[in-house]
Amino acid sequence: MDSRAVAFIEVMAAIAIVGVVSFLIFLVSRQALRSTSGGRNAAYQPQWYELLLAAVFVAAVAIVVVWQVLSDGDWGDDGRALTFFVVMLIIGGGALAVFVLSMLWRLSRAVPAPGQGPVASTTTRAVSDAAPAPQEIAKHKAPSAMRLVGVLGFAAVFLIFNWSHVENAQRHVMMLNLIYPAGLVIALVMLFDKASRAWDVKSPGEGTREWLYANALMVLYLLGYLNLLGVADTAAYAGMLWDMVHVAAFLLVLWVIDRKATRLRFLLLHAYLILLPILLLIWQNQMGVVSPEGISWWETIWPFFFLAIVFFVLELIIVIATPGGGGQGVATLKDVVFLVLYVILLIGAQPEVVA
C-alpha cells in the first residue's frame, strides 16, 4: 500500500470521525434544547462561546486534513489523486455552507411569532385531540419479506443441481446466459412497476433516493456481468456460488429499496455496497485472478470499500438524528455526493485500453 493509499484511508477515517463527533454535538445541543424549553416551543439561543468552539473545531479539522494530504508529495504527481482531493475539498466546503445556512434557517424558524407559544400550542393541541383527523389508507402496503423464501429455495436447488450434474464450462454458460439475464429482466420489471405505482406511505424525497440507488445498482449489476463475460478459461470456472450470491443479493436489495417503507432499507443498501467489493475479491481468489504488477491502489477494490463505509456511517447518523423520518433533503444530497464520488472512482479504476 503506497503513501497515497494511506493518506486516502486517513482522510476517509477523518471524515467518519468528524461525522460521529458532529452527531454527538447534535445530541448535546438537542438535550440542551429539551432542558431549556421543557420540550415546548421555546427556542434555545446558543451562546457566543458555543459558536466559537464549533468554528475552532471545524477549522482545526480542516487544517489537519489539508496538512495530512499536502504533506505527501506524491499527490501532486498523480492527476487523478489531485482531482479527487480538490473534489473532496469542494464538497466539504459546500456541505459546511449548507450546514451553516440550514442552522440559521432553523434558528430563525424557532423564534415564536406573535400569537404563538405555549398557550397557543396548548389550545391547538386540545382542538386536535378533540377532533382527530381521519387517517388515510395507503394505496400500497409493504409486503412481507417472507415471500422471498420460495425464491431463495430455487437458488439453493439451482446450486445443488449444478454442483452434482453440470461441468464447470456449462456452469459458466448457465450463469452468463440464464441467471444474469433473468436477474436483469426481473429488475427491469420491478423498475417499470415502480414507475407506474404511487406510494402514500413514502415521501417524494424517499422516491428520489430510491430511483438514484436503483439506477446505480443496475449499473453495478451490468459491471458484474461484464466481469463474468471476461472469464477466459471457462473450464476452470469456480465462482458460480459467488455469482449466485451476487445476483440474489442484488435482487433482494432492489426489492427492499422499492417495496419496503422502513427507514433502515438505505442502511441495508450501504451494507450491500460495503460487501460488494469483498464479494469481488473472494470471486477473484476463487478464480485465481492475479492483479498485474505495478497496479495503482486506486484501481483496486479498497477505495470503494472505504468510501461505502464512510457513507454508511453518515446514513446511520441521519437515521438516528431524524427519528420522525425527516431529513430527506440532506439524505438526498448525501446520496448524490456518494454516487458522484463512486463514479469518479469507477473512472479512475478503469484499465487502460491497449489499441
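Since every read-out is calculated from the coordinates, none of them should be taken as a lab result. None of the values given here were measured: they were computed from a predicted structure.
Rounded to whole Hz and in sequence order, give me ³J(HN,Hα) for the stretch 238-253 from the Karplus expression 6.51 cos²θ - 1.76 cosθ + 1.60, θ = phi - 60°, writing x for Gly and Pro.
Once rounded to whole Hz, the list reads 9, x, 4, 4, 6, 5, 5, 4, 4, 5, 5, 5, 4, 5, 5, 5.
Once the cut-off is 15 Å, how many percent of the Cα-Cα pairs in the stretch 208-261 end up in the long-distance tail?
54
Residue by residue through the stretch 292-307, which ³J(HN,Hα) values in whole Hz follow from phi under the Karplus form 6.51 cos²θ - 1.76 cosθ + 1.60 (θ = phi - 60°), with glycine and proline marked x?
x, 5, x, 6, 6, 4, 6, 9, 9, 7, 5, x, 5, 5, 6, 5
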